[in-house]
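Written out below as structure tokens is the structure these notes cover.
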Amino acid sequence: MAKPVVKKEYTLLERIYLWEILKGMKLTWGHFWFNFKACWRPGPHTIPTCWQYPEDRTREISPVFRGEHMLQRDDKGREKCIACGMCAKVCPAKCITITKGKRKEGEENKYAAKTYPASFEIDLLRCIFCGFCQEICPKEAIVLGQNFELARYTKEECILDKHKLLLNYQKAKEEGKLRPPRKRVPVVPAPPKPEKDEKAEGAEAKKSKVAAAGKAKKKPVAKKKVAEKP
Amino acid sequence: MDLKKRVEQCLGPENFVVAMTECQGDLSVEVPKRNILDVMHLLRDTPDLGFNFLSDVFGVDNLDLNKPKKKPKKKEEGEGAEVEEESKEKGPLPPRFEVVYLLLCLERNERLQVKVRVEESDMEVDSLYLIWKASDWPEREAFDMYGIRFKGHPNLKRLLMWDEFSAYPLRKDYPLEGQGEERHLIYDD
Amino acid sequence: MNQNPTSQTSYESDNYVTINIGPSHPSMHGTLRIVAVTDGETIVKAEPDIGYLHRGVEKLGENLTYHQFIPITDRLNYCSAIPNNVSYEMAVEKLMGVEVPEKAQLIRVIMMELARIADHQVCIGILGVDLGAFTPFFYLIIQREEIYEIFEWFNGARLTNTFGRIGGVDADLPDDFEQRWEELKPNVRKANDETEKLLTHNRIWMDRTIGVSTFSPEDALNWGFTGPCLRACGVKRDLRIDEPYCMYDKFKFEVPVGKNGDVFDRYIVRMIEMEESIKIIDQAYKLYKEMPADAPLMARVPKVIKPPAGEVYSALESPNGELGFFVKSDGSAKPYRIRIRPPCYMMFQALPELVEGEMVADLIACISSLNVIAGELDR
Amino acid sequence: MDDWLIAIIKVVCIWVWVLLIAVVMTWVERRGAALIQDRPGPNRAGPFGLFQPLADGIKLFTKEEIIPTKARKILYILGPLLFSVPAFSTYAVVPFGDKIILGGKEIILQVSDVNIGFLFILALGSMAVYGVILGGWGSSNKYSILGGLRSTAQMVSYEVPLGLALLAIVFVYGTFSLRDISLAQQGTFLGFLPNWGIFKQPLGFILFIVAAYAEANRVPFDLPEAESEIVSGYHTEYGSMRLGLYLFGEYVNLVTLSGVTVALYFGSWHMPYIDLGAYLGPISWGIVSFCIFFLKVSFFLWMFVWVRWTLPRFRYDQVMGLGWKGLIPLGLFNIFITALFIQLTV
């Protein structure tokens, strides 16, 4: 296969190496001098482009950052999670395992709904932090926090059980790094339905999967069937 | 003149067209396996078609596409039943494997899918390496993943898996977790 | 990947040395392996050997629902994850016949062009590092961090950003996007200028890249080249112009075309494309601001996505070339077959023709100019 | 204090001094590179990372000595020795100051004022090539062999322009001894120019600098250890202190070549226009000349770092092409011009 031969034509300045080399060195000297002056200033974050991470944690993390999970409580201190298992079903990495528990009489102030998760485990080694669980949760119970320091010594520590998740929420609440409530994503309005056929009228799915809360009454029938599947 | 008519006009006379389906704007032509090379030459050389760019070649395994669903749900009880009768009279199931070629005409920016059905018994298809060199690796990958052999391919070896790998992973009957094949490296010292 | 792939050929004569530029090599992008038979410094035969990062993405696709496959597409071309997500989502939307609202398309365009700039920055930075020029890499990578911050403030992840949903986008642009973008734009241009000053007219760089692994347009088309490497060979082909998607026909931008398809032209084409991407983002953001604040971002999509039975191929212009998704569905909630058409897969198969007869140093330069990414290559 | 004692003290002092510069040079290189690339560089070990070379040294000492099974044991061990011993000993002829009178005895700030001066340096320079080729071949790894071959060809073919540039210096100064050349660079010539070698031999200076970069395997000539191509060339298989010897040898080479450049071309211890020797007493002039010489050497050491982080790397055949087709003709032309010039003016 005849390779097209390329004729290299250089200007005189390019042919002698020195001119371009000196221009390049002028540029690197500019950087060097700027940083040389910068690194005499006191304090860790002197060179603007480089954060000395462990000492200087002043970098602002975005409120919607997808970090370590947490189980939220409502304002009356009751656990929001109703163990519906939606997050376990939607998780691509299948790293959430929940066992359901019925709320007894005396525990009204502990759990928000009739059912609550007896055990709620997230395997951080499998989790890919895609945020689907927090997006699909009807009660906005599970939420990804801003903590990204997830290194642990043993595998067992990487399994977040319910206690740790609630602890994370506690810590985030104190540090005030709570995730803002989920903004409702505007959806294309429902097309005007000239004729009333049975399927469209029943499944008036007003919103997409994001806001499951506002579903019409008929919908829970289908949902219960979905939840049963492991 | 819309693409469907032009393709029919070009491939129709030598009855190369087995089936022509249209899905969401993508035209797909099914072609008998034995004259895939002539079809490709025709599609590339006829002036008003001019598909001179092979975008991709890959295999598809239609193992249980034609069989009815195994667990008909309560609500669709009625439909499940009809599907069973319907597939009975259709006679033997169509061939299991499929090789799909994606062609592209650079000037008119039109895309065409050419499909070839391959039975499990005779997994041999002519290789397009002589027409487009772009089919070198995709065909090797189709062989690696499905076991479809390509006659005339210069270097038909496994592409992604290691050479001693015995099974064909992308087939539908190959479990997702794999069958536990290990690779034994042989050090020659 | 057998043990000695060149044993049966005639390269056994004693003055040839078989060098195994193996999967873990300082200048291999990800896990690529090249078995090069060299006569001294010149390469007699170079056989690429891939599959070290094969995770069976397509098999995984057949066992996950449509919605669950989105995070998997992040992991294909991990230098710029957003075009992968959008390409997959467009394929499923085409299959379901869903029309994405305009505002979501604009957000997709903005984010894709930002990802394009980030990808080109990595490619050019690494090309510089492979040819010994270590410094431009840092100037470019610092700007890439700023782009990743925009992604982080958009939906929370920097690299694997699981961008958008089937039918639209899951979040609006961060409210301080304008201020971040106005800060970022001059810095990106400054970093590009500095790289140009350090490299483009430097005779050492020109000697190393001009005329190295040249490729003629006919061969490039024959081998299935797309993207910057095809444009470097002189073929004006850009899916954003030829098959406009996501309102690309509303933006004015040029497509840079090279002359003789060598490493230098690929480098120059990528540098100009970064400049064009900045223009596109400006125009897209202007259109975005004219939209009402509560304009819809998501199309009307059922909760569990079950597209009608059928098969569809949709491609878009990813930073490396034409990235296409072929999605075949049998009506159930799980895709029946997903085939990913990665751009660098086609280019890497042409490596023997690109590099034979050249030197080992040119092999390294050629590979980093093709921007072969193992995640996208092996799927 | 008789002579041999002074000689021993001088040898020990200069050896420790060169090692100290080489150690600090590793820090300067890492810190300089960092500041050029908009990052702070090593700042964890000690203030501004000053103990980083100490940390590297300890690391190199305490690492386990691994000899690969297939390596040819004798060559593998001999390689780093043959590379670092010439590197350490070439500084013997390079001056580091004028002279100092201590307790009535005049001591020349130079280990040994050999009158064949830089012929000695050229000879030892080519000795270092053996270290590289043995190291590359000894560790019997394809990349190392490639690296060893490349560096041999490069070093040999760049000895020639180095020699030609130095030959032109001999024409101008008439002597090989570095001390005499340094003394001759006093005063001014053509009225305003200081009497330095660079103004007498501008083309020779450029030739010398380029060839020096090639000798020291520094970018843009760092083919033998091009990490991206052949995984750091000849010292791929080396581990702890052997690798240390190679790296140290490299940095000591830098110091030596900078010393020679300053001694021949930059008026080693003379200030451009003012002759400080007349004003200062013997002891203080010794120290001042030492400091001036050191400042000039450090400028050239910084030049090595500065150039390294600006330029890309040559390809192998381009290095050879530049050496044989570029520098050697220029060297001959330079000698011709110098000879013509001397013939006309004398």
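The values are calculated or read from the model by the stated rules, or taken from the named source; none is laboratory data. Quantities reported herein were computed from a predicted structural model and do not represent experimental measurements. Counting neighbours? That spans all protein chains shown, and the Cβs are built from the backbone with ideal geometry, glycine included.
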When both residues are 6+ apart or on different chains and their Cβ atoms are under 7 Å apart, which pairs have a first residue that lies in segment C:117-144 and is under 13 Å from C:V263 (Cβ atoms) and away from every other protein chain (no Cβ under 12 Å), and a second that is assigned to a helix (DSSP H, G or I) and not polar (S, T, N, Q)? C:C123/C:R270; C:I124/C:L140; C:I124/C:Y267; C:I124/C:R270; C:I124/C:M271
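Per-residue answers, yes or no, for (1) more than 14 Å from chain C (Cβ to nearest Cβ); (2) modelled with pLDDT under 85:
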| site | (1), (2) |
| --- | --- |
| D:D2 | yes, yes |
| D:I21 | yes, no |
| D:G32 | no, no |
| D:L35 | no, no |
| D:I77 | yes, no |
| D:V94 | yes, no |
| D:G103 | yes, yes |
| D:V111 | yes, yes |
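Check segment D:168-179 and report whether any residue there is part of a helix (DSSP H, G or I) and within 15 Å of the chain's Cα centre (by Cα).
Initially, segment D:168-179 is screened for residues part of a helix (DSSP H, G or I), giving D:168-173, D:178-179.
So of that shortlist, the ones also within 15 Å of the chain's Cα centre (by Cα) come out as D:178.
Yes, that holds for at least one residue.
Which of the residues that make up segment C:243-268 are without any contact (Cβ under 8 Å) to a residue 60 or more places away in the chain and closer than 19 Å to C:K279 by Cβ?
First, the residues of segment C:243-268 that are without any contact (Cβ under 8 Å) to a residue 60 or more places away in the chain: C:244, C:249-250, C:252-262, C:264-265.
Correct list: C:P244, C:D249, C:K250, C:K252, C:F253, C:E254, C:V255, C:P256, C:V257.
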Could you tell me whether any residue of segment D:195-210 is part of a helix (DSSP H, G or I), surrounded by 24 or more Cβ atoms within 10 Å (Cβ to Cβ), more than 16 Å from the chain's Cα centre (by Cα) and within 14 Å of chain C (Cβ to nearest Cβ)? no
Would you call C:V269 closer than 26 Å to C:W223 by Cβ and either in a strand (DSSP E or B) or within 12 Å of chain B (Cβ to nearest Cβ) (or both)? no
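Looking at segment C:253-262, can you tell me whether even one residue there is within 12 Å of another protein chain (Cβ to nearest Cβ), closer than 15 Å to C:M346 by Cβ and not charged (D, E, K, R)? Break it down stepwise before answering.
Within segment C:253-262, the first condition is being within 12 Å of another protein chain (Cβ to nearest Cβ), and the residues that meet it are C:258-262.
Next, from what is left, pick out any that are closer than 15 Å to C:M346 by Cβ: C:261.
Adding the requirement that they be not charged (D, E, K, R) leaves C:261.
Yes, because at least one residue in segment C:253-262 is within 12 Å of another protein chain (Cβ to nearest Cβ), closer than 15 Å to C:M346 by Cβ and not charged (D, E, K, R).
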Checking C:I278 against (1) within 21 Å of C:I124 (Cβ to Cβ); (2) within 14 Å of chain B (Cβ to nearest Cβ): exactly one of these is not met. Which one? (2)
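Criterion first (more than 14 Å from chain C (Cβ to nearest Cβ), surrounded by 13 or more Cβ atoms within 10 Å (Cβ to Cβ), among the acidic types (D, E) and assigned to a loop (DSSP other than H, G, I, E, B)) does A:D56 satisfy it? Don't jump to the end; show me each part of the working.
Values: more than 14 Å from chain C (Cβ to nearest Cβ): yes; surrounded by 13 or more Cβ atoms within 10 Å (Cβ to Cβ): yes; among the acidic types (D, E): yes; assigned to a loop (DSSP other than H, G, I, E, B): yes.
Taking the combined requirement at face value, the residue satisfies it.
Please go through segment C:72-86 and give me each residue that is under 18 Å from C:M298 (Cβ atoms) and of a type outside the set (A, V, I, L, M, F, W, C), ordered by number.
Step one: list which residues in segment C:72-86 are under 18 Å from C:M298 (Cβ atoms), which gives C:82, C:85-86.
Within segment C:72-86, just C:N85 meets the criteria.
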Scanning segment A:59-107 residue by residue, those of a type in the set (S, T, N, Q), in contact (Cβ under 8 Å) with a residue 24 or more places away in the chain and outside any loop (DSSP other than H, G, I, E, B) turn out to be A:T97
Would you pick out the residues in segment C:54-111 that are crowded, with 23+ Cβ neighbours inside 10 Å and hydroxyl-bearing (S, T, Y)? C:Y66, C:T73, C:S80, C:S87, C:Y88
Within the set of pairs 6+ apart or on separate chains, which have a first residue in segment B:81-110 that is in a loop (DSSP other than H, G, I, E, B), a second that is modelled with pLDDT of 85 or more and among the acidic types (D, E), and C-beta atoms under 6 Å apart? B:P95/B:E119; B:R96/B:E120; B:N109/C:D242; B:N109/C:E243
Please determine, by comparing only the residues of segment C:32-43 that are touching a residue at least 40 places away in the same chain (Cβ under 8 Å) and surrounded by fewer than 19 Cβ atoms within 10 Å (Cβ to Cβ), which one is nearest to the other protein chains (Cβ to nearest Cβ). C:E41
Step by step: first the residues of segment B:117-174, then only those that are among the aromatic types (F, W, Y) and more than 24 Å from C:L53 (Cα to Cα), then the one that is nearest to the other protein chains (Cβ to nearest Cβ). Which residue is that? B:W132
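Suppose we filter A:T115, A:T97, A:T49 for residues that are within 14 Å of chain C (Cβ to nearest Cβ) and surrounded by fewer than 20 Cβ atoms within 10 Å (Cβ to Cβ); which single one remains?
Details: A:T115 fails: within 14 Å of chain C (Cβ to nearest Cβ); A:T97 fails: within 14 Å of chain C (Cβ to nearest Cβ).
Of the residues listed, the single one that is within 14 Å of chain C (Cβ to nearest Cβ) and surrounded by fewer than 20 Cβ atoms within 10 Å (Cβ to Cβ) is A:T49.
Each row is one residue, and each column tells you yes or no for (1) more than 30 Å from D:D317 (Cβ to Cβ); (2) assigned to a loop (DSSP other than H, G, I, E, B); (3) more than 9 Å from every other protein chain (Cβ to nearest Cβ).
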residue: C:D172; (1), (2), (3): yes, yes, no
residue: C:W181; (1), (2), (3): yes, no, yes
residue: C:T195; (1), (2), (3): no, no, yes
residue: C:A220; (1), (2), (3): no, no, yes
Residue by residue through segment B:126-163, note down the ones that are free of Cβ contacts under 8 Å to residues at least 60 places away in the same chain, outside any loop (DSSP other than H, G, I, E, B) and buried (at least 17 other Cβ atoms within 10 Å of the Cβ). B:K133, B:D136, B:W137, B:R140, B:F143, B:D144, B:F150
